[in-house]
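Below is one structure, written out as structure tokens, with a few remarks after it.
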Amino acid sequence: MDPFEVEGDSRKSNKPKYSKFTQQELPACKPLLTPGIVVSAFSLIGILFVPIGLASLSASQEIVELIDRYDTSCVPMTDKVGFIQNSKTDKTCTRTLTVPKQMKSPIYVYYQIGDFYQNHRRYVKSRSDKQLRYKEAAGLTKNCEPEGNSADGAPIIPCGLIAWSLFNDTYTISVNKKAIEVNKKGIAWQSDKNNKFGSDVYPSNFQKGNIIGGAKLNESIPLSEQEDLIVWMRTAALPTFRKLYGRIEADIMANDQLTVVIQNNYNTYSFGGSKVLVLSTTSWIGGKNNFIGVAYLTIGGLCLFLAVGFIVLYMFKPRALGDPSYLSWNRDILD
Amino acid sequence: MRPERPLLPPSTPPLPPQQTEEAAGRASVDVPDRLPDPVPSPILRHSPASSTRRSRSLRSVMANSPSVTFAEDIRSGSKAESSASSFENFQFRLAGSMTGTPAGVARVSTRRSASERAGSQRDLRDEDARFVYINDADHTNAPPARFPDNGIHTTKYSILTFVPRNLYEQFHRVAYVYFLILAALNQVPQLGVFSPVASILPLAFVLGVTAVKDAYEDWRRHRSDKTENNRTASVLVGGVFRPKRWKEIQVGEVVRVVANETLPCDMVLLSTSDPTGVAYVQTINLDGESNLKTRYAKQETMPTPPEALAGIIKCEKPNRNIYGFLATVDLDGRGAVSLGPSNIVLRGCEIKNTTWAIGVAVYTGRDTKVMLNNSGAPSKRSRLETHMNRETIVLTVVLVLLCSIVTLLAGIWLGDHSDELAVIPYFRKKDFSSSNADGTYKWYGAGPQVVFTFMMAVIQFQVMIPIALFISMELSRVGQAYFMVQDKHMFDGKRQAKFQCRALNINEDLGQIKYVFSDKTGTLTENQMEFRCASVHGGDFSDTDGGGGDGHSVTGEDGVVLRPKTAVKTDPKLMALLKDGAGEKAVRARDFFLTLATCNTIVPIVVDTPDPAARLLEYQGESPDEQALVYAAAAYGYTLVERTSGHIIVDVFGTRQRYDVLGLHEFDSDRKRMSVIVGCPDKTVKLFVKGADSSMFGVIDKSMNSDVVQATEKHLHSYSSIGLRTLVIGMRELSQTEFQEWQIAYEKASTSLLGRGNLLRGVATNIERNLRLLGASGIEDKLQDGVPEAIEKLRQAGIKVWVLTGDKQETAISIGYSCKLLTRDMTQIVINSHSRESCRKILDDAVSMVNKLRSFSTDPQAKMPLALIIDGNSLVYIFDTDREEKLFEVAKACDVVLCCRVAPLQKAGIVDLIKKRTSDMTLAIGDGANDVSMIQMADVGIGISGQEGRQAVMASDFAMGQFRFLVPLLLVHGHWNYQRMGYMILYNFYRNATFVFVLFWYVLYTGFTLTTAITEWSSVLYSVIYTAVPTIVVAILDKDLSRRTLLKYPQLYGAGQREENYNLRLFIFIMLDSIWQSLAIFFIPYLAYRKSVIDGASLGDLWTLSVVILVNIHLAMDVIRWNWITHAAIWGSIAATWICVMIIDSIPIMPGFWAIYKMMGTGLFWALLLAVTVVAMIPHFVAKAFREYFTPNDIQIAREMEKSQDLHDATHPEVQMSTVARA
């Protein structure tokens, strides 16, 4: 033994204290990518992913979706913009759809707008979350230009481009000529209603400017109850998006005739955006989307293929793990 | 102001050691113009102003000493200049052949020598001087003088200055300026990508972490300053010595220090308890040398009681040279007496063996030499960091490219939509409410809009350059350093010396070393000399088998037995000859040992032992060789028992004999010998000389007895071939006239103020001639533990070990064999020539031989091992001419290079030879001041904290106790650090790039307007919080291979030399991976949520979590050793991110309120997270699995071996690991 270790107590010792930590000898696991692990990892992913893929694909197939683009047919061929901007014209438009498969309630009614950059930087910034939430913050309209204050300088509530451009087409739906209720309650997130939009904040000076962006709001209803606004204010991530319009709480049978009376108010014509009405049932994966199922199946298949590929490679080019003769300096001697 | 001095009485203290050394540099320069300030590289320094004059005088110096060698033209430049500059730094230490050097060895750090020496060479002009009125602090400090008090402030900052100064220092890093500019740009309203707080946050965070680190260090300094400043010293106040706090001591005050007390300031000695005015000081705190040095009070100041002293000391302005001091003292107009470095004692030293000493403070506080020397090691930059810059530039290009794409597309989009912009609801540039129809909102015209887009893009994508990388690197280096310091395998139990990391920024360089340049003495060897052989009058006495080993005890005057501390084995035949022999041989033998006992600067010190009847006699001196010789003389009956400045008492077989010291010629590197003139008890005057054989044989009268000379030469050869350090001893009896002539010359020389060193050297050379050869000694310097094994390991690791030594060729070769540097199967190429032409020829031959050997065998395994042995002379010729290239060619082909007889500056030149021509990393290791230049020149400098002081340690990047620690340092820690740091840098680039690419893909779907779905907070927290900790933890703790494996297979070190863990190829691969992963992260959710109700915040949260999970899983996949800390860091990081996202989404006034909770409630979210992770990782996993199995590198195979070994150990715990056979 080191004599200094014995002596160490009498004199001040500099000797580092020994511990597993300081000597970097903490117990550790050293996983290695052995053929077994590689093949079983790929197999496992494959086995896990294929069923998930099949399940979500079938779930997606279960979903019945009715899609109707109406923006082009609901306006005259000429001067679309003039037509839509004129408040005097009758913008009613009737569309008839046939339901291909039975749709179980709840059936969600969406409007889908295309090429509307709700994620445009100018647009997403043009809001005042404080104003939406707190009554006292009515004057916080700094970010809301050009819809911050009315001509006389009073703050617009809710201010900003987002609120200003609120969607204002309306749909009246009847099944087999029989009107059916579209429930517009509970389309917004409960969390938004409770905490994000103030129950004591009422619209004021809204859509009073020279140019009307979209829907008007009932000034006697607090923002927290203006569910269309709340839905609209949750800006979409992508330029083509859907927003929930309402819910039909009744089943619709296959081959039923759906008549939708549309008030085609919303101006997407000035920038060439499309407007689509969507009716859709739902399942655990959300709306109809085969992509996720296909993706899972592809990944699963690819992984199974890779597993087989690696098995073949391992069989044709085997190598003993940890064989010192593979070390470069030993290999040089062998060559 | 020339002092008038009486002739020196014989008892005058000999000139202190440093003075001659100092003077050596002075040449005959009278008042050189101000020399340039010290610059970091010693060899680059030239002093044009004085060069011509200086070199002229140099030539004459050189003419006298043909064997002096130094690189005349290591760097290009005029010869006169370079020789002048090399002369300034010329610090020669012939390890093999010199002994008598208290300070003949270079003690002055090369970095600062030149100008300071020049400073002390000057005649002290009044305007360059500081006037100190002894005992009159008020007068001294009267304006305009205003000297600082003795308080020290090593702190960098005060509370007030901390913020500005620390920020100023941190912003020296260009990257931080870049981030600052971006943060500033972000404050422009048009460019406000992030909210003001968010944009500053990452920078503030990294600056803050660094500032906290700096503040803590500074606080510790502050604390130690405080204790230091409040120590008390005894100061003369109103005629009485009273305790006074250190910080209150002022220049001019008289301070009294007693034994074992630390000196509070630099002071000129006035008187000491010793009647001759000697005081012994230990300078361990100053330069680390533990031996005692003698300092003197002037005879003129000695008799006056301190309270009655009055006078003026005129001294130099404060400077950093701890071995130089130039001043005069004028005691009440009695005339100026010159003061030198031996009259000053410096702050930090301790008074030893002296009851008390009184001095007057001349430099206080920050002016003290120790404080002026208190600067850190020069900072070097690691290779990895230099390479990292290349990749940073690539990333910058990518960044600019991304921004340009966005800008271009944004421009096109604006152009396409130009007529709609006024009305489209998401742009609405027109101000309809205003009466002014042209009014617009936030619209500055298409041109500026495009420019703004570009700038916003830069701000948005700024993290492409990883801001946290720098601080992460710093923190991981601190962690790595901690583990290096804590490593028990690098702790020197013998000296209680821990490993020290002095430079914190080149840890990873340790893993890439290709060349090791090692000093020999003290680095490979212990530097603990042992007397082994004596050749006396032609007879070889090296058979110590029958001799006693207990040394020779003598009885002191008071009857107490004095025993030398170290026993030396004696040769009984020689012992008998000394005791009872008669005839010439016996006479010479006695003179021989008398020379050993007297011709030195050793101070005998008596130490009490537990036994009251016995004391230990300890020889304190600055040269281990001298100590060995004096101990040997004691063992042979010539015990040195007392030395004062005037006389020496030697106990010769029980009889005390007194020798008067009449003169002493210090060792210097030109003469390479020292001599002493003593008055013997029989009234004769004798000159005893000892020195290197090369210098001694020139001054020995060979005609006297040529057979003795021949026999001695033969013995010398055989001694050095077994690796002993040899010295030749000679003497001469001086006649009365000779002595008187010498005395007059000596007095004149030693009182001269200018060129004193030169004059003294002339006097010495004059008297040291026609010597009678007495004999020669052989001293063994034992190899340190484990040196041969360490060298063997380093060589296996593919590291070329070069040994640079001042030893003779034979000694060097034999040491080479004993430390396994040279092996018998090696072909030695010896370049050892005395003329330029022959040198050139030998070199040409060597080149052709090397080429021939190379062409013979193309097979690397059959290669004939080559060794190059070259001496300093030849190096001079080679560096002088344009032959460097050829030397490099030969040296590169050789497995071993041994340079003998090299001067310190040549050592640096050799390192530079390699550094300039290859990109290979160099490491220099040494222990002495003569290695400083080499240590600073090499990429990595390592100091051995050994016998020769701390100069090398102070200049080094790492310091350790033993040469053999180089093996764990390089092979284990170096390998780990390199692997970790290389991975960490790549990973940081990858991590940030992935994030930026995700942002970029999204920008393509937002009308190119730089909106992010990811909240700005997640954006800024990403690289500093979400993903920073795991990389640091992994960079500190991960180990690709265990210590055991790395030491068992030193070849694994090659990974670092071949740059396997960080190179452009890896960078490109990881960037491709990063692009693929960002595509997976972005497009899988994109495709899944296309035409859905998804809102920006929800999708942003999904992307945030995907990126963080993915980069952490990527890291997890590359972690090799999982311990609980790694687990905690990686999984903890993911959890922390999740929590952060949840917190951000719980703030009602954030647009994305509650998004994450909504998302987590949908199955699609989880399905996508899983799919993204798997899809993104597949290429990396496949590549990794394929590479590791089908094209494994050495490290991979070693890992597998380790794994199977572990399994084996687990099942057969008792079996040793040696069962893994080597093929």
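The values are calculated or read from the model by the stated rules, or taken from the named source; none is laboratory data. Just so we're clear, the structure is a prediction, and the values are computed from it rather than from any experiment. Virtual Cβ from ideal backbone geometry, glycine too; neighbours counted across all protein chains shown. Each accessible area value is taken on the protein alone, full model and side chains, heavy atoms only, with ligands, DNA and RNA left out. Shrake-Rupley method; radii C 1.70, N 1.55, O 1.52, S 1.80 Å.
When only residues in segment A:129-164 that are within 9 Å of another protein chain (Cβ to nearest Cβ) and assigned to a loop (DSSP other than H, G, I, E, B) count, which is surrounded by the fewest Cβ atoms within 10 Å (Cβ to Cβ)? Restricting to residues being within 9 Å of another protein chain (Cβ to nearest Cβ) and assigned to a loop (DSSP other than H, G, I, E, B), the top hit is A:151. The lone criterion from (1) touching a helix residue (DSSP H, G or I) at 6+ places or on another chain (Cβ under 7 Å); (2) without any contact (Cβ under 8 Å) to a residue 60 or more places away in the chain; (3) among the aliphatic types (A, V, I, L, M); (4) farther than 30 Å from residue B:1002 by Cβ left unmet by residue A:140 is number (4).
Here's the yes/no breakdown for (1) in contact with a Lys or Arg (Cβ under 9 Å, 6 or more places away or on another chain); (2) modelled with pLDDT under 85:
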{"position": "B:252", "(1), (2)": "no, no"}
{"position": "B:266", "(1), (2)": "yes, no"}
{"position": "B:284", "(1), (2)": "yes, yes"}
{"position": "B:288", "(1), (2)": "yes, yes"}
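Just to verify a result, which residue in segment B:513-529, among those that are at pLDDT 85 or above and assigned to a strand (DSSP E or B), is surrounded by the most Cβ atoms within 10 Å (Cβ to Cβ)? Selected residue: B:519. Taking the condition assigned to a loop (DSSP other than H, G, I, E, B), within 27 Å of the chain's Cα centre (by Cα) and within 14 Å of chain B (Cβ to nearest Cβ), does residue A:213 pass? Judged against the criteria, residue A:213 is a match. Scanning segment B:1181-1208 for residues that are farther than 17 Å from residue B:1069 by Cα, of a type in the set (Gly, Ala, Ser) and facing another protein chain (nearest Cβ under 7 Å) turns up just one, B:1204. Within the option set B:231, B:256, being in contact (Cβ under 8 Å) with a residue 60 or more places away in the chain and either open to solvent by 40 Å² or more (accessible area, probe 1.4 Å) or more than 32 Å from the chain's Cα centre (by Cα) (or both) holds for one residue only, B:256. Of everything listed in (1) buried (at least 16 other Cβ atoms within 10 Å of the Cβ); (2) closer than 19 Å to residue A:217 by Cα, the single unmet condition for residue A:173 is (2).
Within segment B:1151-1163, is there a residue that is open to solvent by 40 Å² or more (accessible area, probe 1.4 Å), at the interface with chain A (Cβ under 9 Å from one of its Cβ atoms) and under 26 Å from residue A:322 (Cα atoms)? So far as segment B:1151-1163 goes, no, none of its residues is open to solvent by 40 Å² or more (accessible area, probe 1.4 Å), at the interface with chain A (Cβ under 9 Å from one of its Cβ atoms) and under 26 Å from residue A:322 (Cα atoms).
Assess whether residue B:281 counts as being in a strand (DSSP E or B), on the phi < 0 side of the Ramachandran plot and under 27 Å from the mean Cα position of the chain (by Cα). Here the answer is yes, as residue B:281 does meet what is asked.
What do you reckon, is residue B:915 under 28 Å from the mean Cα position of the chain (by Cα) and without any contact (Cβ under 8 Å) to a residue 40 or more places away in the chain?
yes
Exactly one residue among B:996, B:967 is within 26 Å of residue B:1198 (Cβ to Cβ) and either open to solvent by less than 10 Å² (accessible area, probe 1.4 Å) or not charged (D, E, K, R) (or both), and that residue is B:967. Does any residue of segment B:1010-1017 turn out to be open to solvent by 10 Å² or more (accessible area, probe 1.4 Å) and not in a loop (DSSP other than H, G, I, E, B)? Checked against the condition, which is being open to solvent by 10 Å² or more (accessible area, probe 1.4 Å) and not in a loop (DSSP other than H, G, I, E, B), segment B:1010-1017 yields at least one hit. When restricted to residues that are open to solvent by 10 Å² or more (accessible area, probe 1.4 Å), farther than 25 Å from residue B:794 by Cα and either polar (S, T, N, Q) or not in a loop (DSSP other than H, G, I, E, B) (or both), segment B:815-843 contains 8. Among the conditions (1) surrounded by 14 or more Cβ atoms within 10 Å (Cβ to Cβ); (2) at pLDDT 85 or above, the only one that residue B:192 does not satisfy is (2).
Scanning segment B:339-360 for residues that are in contact with a Pro (Cβ under 8 Å, 6 or more places away or on another chain), under 13 Å from residue B:265 (Cα atoms) and not basic (Lys, Arg) returns a single hit, B:358. Of everything in segment A:189-204 that is open to solvent by less than 70 Å² (accessible area, probe 1.4 Å) and within 11 Å of another protein chain (Cβ to nearest Cβ), the residue that is nearest to the chain's Cα centre (by Cα) is A:189.
Consider segment A:165-176 and keep the residues that are out of contact with any Pro (no Cβ under 8 Å at 6 or more places or on another chain) and in a loop (DSSP other than H, G, I, E, B). The one that is farthest from residue A:230 (Cα to Cα) is A:176. None of B:927, B:931, B:920 is among the charged types (D, E, K, R) and closer than 28 Å to residue B:847 by Cα except B:920. In segment B:880-906, of all residues being part of a helix (DSSP H, G or I) and more than 24 Å from residue B:827 (Cα to Cα), the one that is modelled with the highest pLDDT corresponds to B:906.
Report yes if residue A:29 is surrounded by fewer than 18 Cβ atoms within 10 Å (Cβ to Cβ) and under 27 Å from residue B:1128 (Cβ atoms), otherwise no. Here the answer is yes, as residue A:29 does meet what is asked.
Yes/no per residue for (1) aromatic (Phe, Trp, Tyr); (2) in a strand (DSSP E or B); (3) at pLDDT below 90:
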site: B:696; (1), (2), (3): no, no, yes
site: B:702; (1), (2), (3): no, no, yes
site: B:716; (1), (2), (3): no, no, yes
site: B:728; (1), (2), (3): no, yes, no
site: B:747; (1), (2), (3): no, no, yes
site: B:763; (1), (2), (3): no, no, yes
site: B:778; (1), (2), (3): no, yes, yes
site: B:781; (1), (2), (3): no, yes, yes
site: B:807; (1), (2), (3): no, no, yes
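Listed conditions (1) open to solvent by less than 40 Å² (accessible area, probe 1.4 Å); (2) over 30 Å from residue B:512 (Cα atoms) are all met by residue B:416, apart from (1). When A:100, A:76 are checked against the criterion of being open to solvent by 20 Å² or more (accessible area, probe 1.4 Å), away from every other protein chain (no Cβ under 14 Å) and in contact with a helix residue (DSSP H, G or I) (Cβ under 6 Å, 6 or more places away or on another chain), A:76 stands alone in meeting it.
For residues in segment B:1055-1075 being of a type in the set (D, E, K, R) and over 28 Å from the mean Cα position of the chain (by Cα), which is most open to solvent (accessible area, probe 1.4 Å)? Here the answer is B:1065. In the condition set (1) within 13 Å of chain A (Cβ to nearest Cβ); (2) assigned to a helix (DSSP H, G or I); (3) free of Cβ contacts under 8 Å to residues at least 12 places away in the same chain, residue B:1126 is compliant with all but (3).
On inspection, residue A:287 passes the criterion of being within 11 Å of chain B (Cβ to nearest Cβ), under 30 Å from residue A:59 (Cβ atoms), out of contact with any Lys or Arg (no Cβ under 6 Å at 6 or more places or on another chain) and open to solvent by 30 Å² or more (accessible area, probe 1.4 Å).
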